């Protein structure tokens, strides 16, 4: 029997600067039985022209051109057009190692897994992983090792550090098609992890490879880490409600839910305090302060479980003082704001 076909889906929007590098890395893979689907999501630069050039060079490449609908919409278009036994995704400014697909396919078939994933690095900086070269997780273990970490409950740091992205994974096409698992197009952030969670719920076995076979490149000046999203908490609440409905049977204790929401609160406070002055910050975090999920979290979350950085914030909740809450949460990131200011000066 010949090699199984792998459909590699690459969503593209205005990536003319990096597209050649990305497609080249996929084309040069040592696993040659590929179906490379380039989905142009209504680009306004020369991305589509570059796609057509690549299509002329390699018969394995097919192009989908569509109106702009976002990365999830583009990925869904790629899924519907795919015919491979396996499906993989690549971001249009990243790089895959030559042996990524051959390695993961080999592991999947050797262990009879439904999903194989690898470690990756970010701009050359390696993601922290555990000591094992390969980790196989059975269906009954998935909830502890793969689903709970999504809610902030860290049972397996190795999997947690590589969990939230789809690009470092290869999935059996039958899992996706049989269960009609598509990306939610209404999520602005976290669409990868929500999608992965639904995949895991339908998987009988997964295998993890420690090797960093994917290179995640960050060069987008509009990324979340460089701009303030004042609706970040609202987005996280929506994500939480979606994931809670998916994983209710796995996250069925009050303490686990409380811990997850405590972490969401801290993440949002950190984000807002980096970008906003105290006055704007106070207006923005009122939504967090009034949120019933957060109030319930502090009623059921044991203080001894709260990290040191959050104890003062917890105290403000305890005495019901919003002003103190804002002051503590805002000041705790003054060092980060100073660094950001210095970086802006250096760039100028």
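The values are calculated or read from the model by the stated rules, or taken from the named source; none is laboratory data. Everything quoted here is computed from the prediction, not taken from an experiment. Glycine also receives a Cβ, built like all others from the backbone with ideal geometry; neighbour counts cover every protein chain displayed.
Things to note:
- Selected residue (only one of 70, 124 is more than 23 Å from residue 24 (Cβ to Cβ) and at pLDDT below 95): 70
- Residue satisfying condition, being in a helix (DSSP H, G or I), in contact (Cβ under 8 Å) with a residue 24 or more places away in the chain and either buried (at least 22 other Cβ atoms within 10 Å of the Cβ) or outside the structural domain of residue 208 (by TED's automatic domain parsing) (or both), within set 104, 38: 104
- Checking residue 108 against (1) modelled with pLDDT of 95 or more; (2) over 24 Å from residue 212 (Cα atoms), the condition it does not meet: (2)
- The listed residue being more than 11 Å from the chain's Cα centre (by Cα) and modelled with pLDDT of 95 or more, out of 171, 154: 171
- Residues that are out of contact with any helix residue (DSSP H, G or I) (no Cβ under 7 Å at 6 or more places or on another chain) and either within 15 Å of residue 93 (Cβ to Cβ) or surrounded by 14 or more Cβ atoms within 10 Å (Cβ to Cβ) (or both) within segment 41-51 comprise 42, 43, 45, 46, 48, 51, listed in sequence order.
- Among the residues of segment 15-35, those identified as touching a helix residue (DSSP H, G or I) at 6+ places or on another chain (Cβ under 8 Å) and assigned to a helix (DSSP H, G or I) are 19, 20, 23, 27.
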